[in-house]
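Below is one structure, written out as structure tokens; comments come after it.
The values are calculated or read from the model by the stated rules, or taken from the named source; none is laboratory data. Bear in mind the structure is a predicted one, so any value in this text is a computation, not a measurement. Using ideal geometry, Cβ is built from the backbone for each residue, glycine included, and neighbour counts are taken over all protein chains shown.
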């Protein structure tokens, strides 16, 4: 473990995080984590934990974490889409070269409906962009 721990720890939750202040400056040199806030990145809300009030430094650190987290999640979203494109290509190769008739029968309708839905959305969105 590194000598200097960060001042804050963010326990990730579905829409944000629980924020803890990290303290190692005690007699036993134990790591103590005191929850100071709950964060919701969807609506930007920061709720102090209990009757605590947040310092300006706390708020700055939390807002910085929120900005960084939003960027990470956006990167992951686009990464997932690139993986989906790869997976579609692998699925095409599988359907063409390895799939049995029974396997194709099991997945064809679902794949065709999903691809039709995706194509409809992509074509509509592209047309909207071109009209702007």
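When 114, 84, 127 are screened for being part of a helix (DSSP H, G or I) and under 19 Å from the mean Cα position of the chain (by Cα), only 84 passes.
Assessment of the stretch 61-72 against the conditions (under 22 Å from the mean Cα position of the chain (by Cα), under 30 Å from residue 119 (Cα atoms), surrounded by fewer than 12 Cβ atoms within 10 Å (Cβ to Cβ) and free of Cβ contacts under 8 Å to residues at least 24 places away in the same chain) yields at least one matching residue. Within the stretch 6-20, being over 14 Å from the mean Cα position of the chain (by Cα) and at pLDDT below 95 holds for 6, 7. Is it the case that some residue within the stretch 73-81 is outside any loop (DSSP other than H, G, I, E, B), outside the structural domain of residue 118 (by TED's automatic domain parsing) and surrounded by 12 or more Cβ atoms within 10 Å (Cβ to Cβ)? Looking for residues that are outside any loop (DSSP other than H, G, I, E, B), outside the structural domain of residue 118 (by TED's automatic domain parsing) and surrounded by 12 or more Cβ atoms within 10 Å (Cβ to Cβ), one finds none in the stretch 73-81, hence no.
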